[in-house]
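The values are calculated or read from the model by the stated rules, or taken from the named source; none is laboratory data. Because the structure is predicted, anything quoted here is derived from the model rather than measured. Here Cβ is always computed from backbone atoms with ideal geometry, including for glycine, and neighbour counts include all displayed protein chains.
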């Protein structure tokens, strides 16, 4: 018989309502996470100032909600981001890429499982992003040369890095948060490899699925990235003085392209016109169109127009006028000069002599009506269609800031790569041996990256993703509000009432499944911080060890397999492999169920 607990106090109800509202805001793609996070901090601080909460004769100080800014988990996460960026900048993992490249040319079937295992192993100690950035161009190039279906390779590789990140305390920021919050609430601190056994055992089962089954679930889609891509790009086509479209009705202009061109909007000066069939075009009009690169260039040639980048310099070095120009697709990588910046601010054209003529963002409209291409704030996973000389594109491939999506495998190399790799090994070894806490060793490693010039200061600052930074702080504040007001205790009692009479393994599995659902919808860090005190409450009420329930939260919050938006590396893989949303669901849901079943059994067997 269900016996639900009485409703908690008003502050606890308000904290739970704010948490639900926060999770909704975190799931909104049109609201920057950092803005949402700062707003939540303000609501908590102001709310508890205007309506003080007292318990056991003490008043909850609103300033406690800002303690997350100095939390050791946040410091460790940010420092490890800097260390990981040092590996990217120095191309410290480049030798592994060359070894893999040779293996793929000889034994592709076995090389796939080796790639998956290596990707997972590296992700246990390094942020997933540099691993994916290293492997994507290698795997795309091998698939194009050998004729192997790239769709069956890229997504499994990306998911393998997510699985690998589950195995150590530093594998992901989520792991560090769960371990730190659980320690703050009284549980013993989990060391770096304390949960490696269940994570590795379940991970190996997941890798077998990614090796043998996942490629069969994905389409054998042609991926001719060296020529044209099936990706749909948003572009502006400017009508020149000599264009045959001048003075013509839009319907007749579209007919010139055999009815293929789709015009979304027309910009005439500062005025925006709807693409009505009878609108007559003028010189200087800019047509907003969306299509594949090949068609965009065909429309440009047919109408004698120009794909407008918005920041052109008409001189001898202008990429629009240079001889032997070509097109290339470039994915924005986390921590690069374009991450969270626009092309104007980054001075992309003048720095790289490449004009960005179109943009692609998976599943979204990347160009607001009033913005030009050079004004759009870019995000990891966005793909730029650039135009310029082959030489300038080749130079771009040598930069670890960009991921050029074509058939080549030119990998950058720097003399400081061994230094960066040595720093990472030192950070991990010192923390694993218990000589220093991970927060201390990571800060020391980040400092060494800058002092040894493996990383300049601006790159180090860009490595710290603002969205991750502020989501962690606001999540810690929400967790504090839920715990101190008694809301966590109430949620725990409700969960236990729903699972009353069931074996403990049901509560364990249900908690992990709940976190797995949340992490594919909202921020995994937010879900983890909110779920950790609930896990401890469940363990206490059941009289069981807290470790398996805390690890259920940790593992569940890492199962970012079902949607491309669930994790940043999913977006990079989606851009490179031209995957569709449904293909992530098709492969990710079975993988989530496999990992859920394996980890539930292992946690129950080992800890309960």
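Couple of notes before you dig in:
- Any hit, the stretch 101-109, residues being modelled with pLDDT under 90 and either closer than 25 Å to residue 430 by Cβ or not in a helix (DSSP H, G or I) (or both): yes
- Criterion: within 23 Å of residue 195 (Cβ to Cβ) and surrounded by 23 or more Cβ atoms within 10 Å (Cβ to Cβ) - qualifying residue of 540, 600: 600
- When the stretch 497-507 is limited to residues that are in a helix (DSSP H, G or I) and at pLDDT below 90, the one that is nearest to residue 77 (Cα to Cα) turns out to be 504.
- Restricting the search to strands (runs of 3 or more DSSP E) fully inside the stretch 289-406 and requiring at least 2 residues that are surrounded by 23 or more Cβ atoms within 10 Å (Cβ to Cβ), within 23 Å of the chain's Cα centre (by Cα) and at pLDDT 75 or above gives 325-332, 355-360, 383-389.
The rows are residues; the columns are (1) in contact with a helix residue (DSSP H, G or I) (Cβ under 8 Å, 6 or more places away or on another chain); (2) buried (at least 23 other Cβ atoms within 10 Å of the Cβ).
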position	(1), (2)
534	yes, yes
549	yes, yes
558	yes, yes
570	yes, yes
574	yes, yes
582	no, no
594	yes, no
605	no, no
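- Screening the stretch 434-447 for residues that are in contact (Cβ under 8 Å) with a residue 60 or more places away in the chain and over 11 Å from residue 86 (Cβ atoms) and picking the one that is surrounded by the fewest Cβ atoms within 10 Å (Cβ to Cβ) gives 434.
- Counted residues, the stretch 30-68 - those being outside any loop (DSSP other than H, G, I, E, B) and either closer than 19 Å to residue 465 by Cα or at pLDDT 85 or above (or both): 27
- Looking only at residues of the stretch 410-423 that are within 14 Å of residue 93 (Cβ to Cβ) and not in a helix (DSSP H, G or I), we find that the one that is modelled with the highest pLDDT is 416.
- Identity of the residue in the stretch 218-242, at pLDDT 80 or above and in contact with a helix residue (DSSP H, G or I) (Cβ under 9 Å, 6 or more places away or on another chain), that ends up farthest from residue 297 (Cα to Cα): 218
- In the stretch 94-114, of all residues being under 25 Å from the mean Cα position of the chain (by Cα), touching a residue at least 24 places away in the same chain (Cβ under 8 Å) and under 18 Å from residue 215 (Cα atoms), the one that is surrounded by the most Cβ atoms within 10 Å (Cβ to Cβ) corresponds to 112.
- The stretch 253-283, subset in contact with a helix residue (DSSP H, G or I) (Cβ under 8 Å, 6 or more places away or on another chain) and assigned to a strand (DSSP E or B), residue nearest to residue 297 (Cα to Cα): 263
- Looking across the stretch 448-459, the residues that are part of a helix (DSSP H, G or I) and either surrounded by 15 or more Cβ atoms within 10 Å (Cβ to Cβ) or in contact with a strand residue (DSSP E or B) (Cβ under 6 Å, 6 or more places away or on another chain) (or both) come down to 448, 449, 450, 459.
Every residue, every condition in (1) outside any helix (DSSP H, G or I); (2) closer than 19 Å to residue 206 by Cβ; (3) at pLDDT below 95, yes or no:
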| site | (1), (2), (3) |
| --- | --- |
| 495 | no, no, yes |
| 509 | no, yes, yes |
| 518 | no, no, yes |
| 525 | no, no, yes |
| 539 | no, no, yes |
| 554 | no, yes, no |
| 572 | no, no, yes |
| 579 | yes, yes, yes |
| 602 | no, yes, no |
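- Checking the stated criteria, residue 74 turns out not to satisfy the condition of being out of contact with any strand residue (DSSP E or B) (no Cβ under 8 Å at 6 or more places or on another chain), in contact (Cβ under 8 Å) with a residue 24 or more places away in the chain, closer than 30 Å to residue 149 by Cα and crowded, with 17+ Cβ neighbours inside 10 Å.
- Only one of the listed residues (161, 168, 129, 172) is free of Cβ contacts under 8 Å to residues at least 60 places away in the same chain, buried (at least 24 other Cβ atoms within 10 Å of the Cβ) and within 22 Å of residue 527 (Cβ to Cβ). That residue is 168.
- Each residue in the stretch 123-169 was checked for being touching a helix residue (DSSP H, G or I) at 6+ places or on another chain (Cβ under 6 Å), within 30 Å of residue 470 (Cα to Cα) and not in a helix (DSSP H, G or I), and 8 of them qualify.
- Identity of the residue in the stretch 237-252, in a loop (DSSP other than H, G, I, E, B) and buried (at least 18 other Cβ atoms within 10 Å of the Cβ), that ends up nearest to the chain's Cα centre (by Cα): 239
- Members of the stretch 176-200 found to be part of a helix (DSSP H, G or I) and buried (at least 17 other Cβ atoms within 10 Å of the Cβ), listed by number: 176, 177, 178, 179, 180, 181, 182, 184, 196, 198, 199, 200
- Breaking point among (1) surrounded by 16 or more Cβ atoms within 10 Å (Cβ to Cβ); (2) under 26 Å from the mean Cα position of the chain (by Cα); (3) at pLDDT 85 or above; (4) closer than 30 Å to residue 458 by Cα, for residue 117: (4)
- Per the conditions (1) more than 30 Å from residue 415 (Cβ to Cβ); (2) in contact (Cβ under 8 Å) with a residue 12 or more places away in the chain; (3) not in a helix (DSSP H, G or I), the sole criterion not satisfied by residue 14 is (3).
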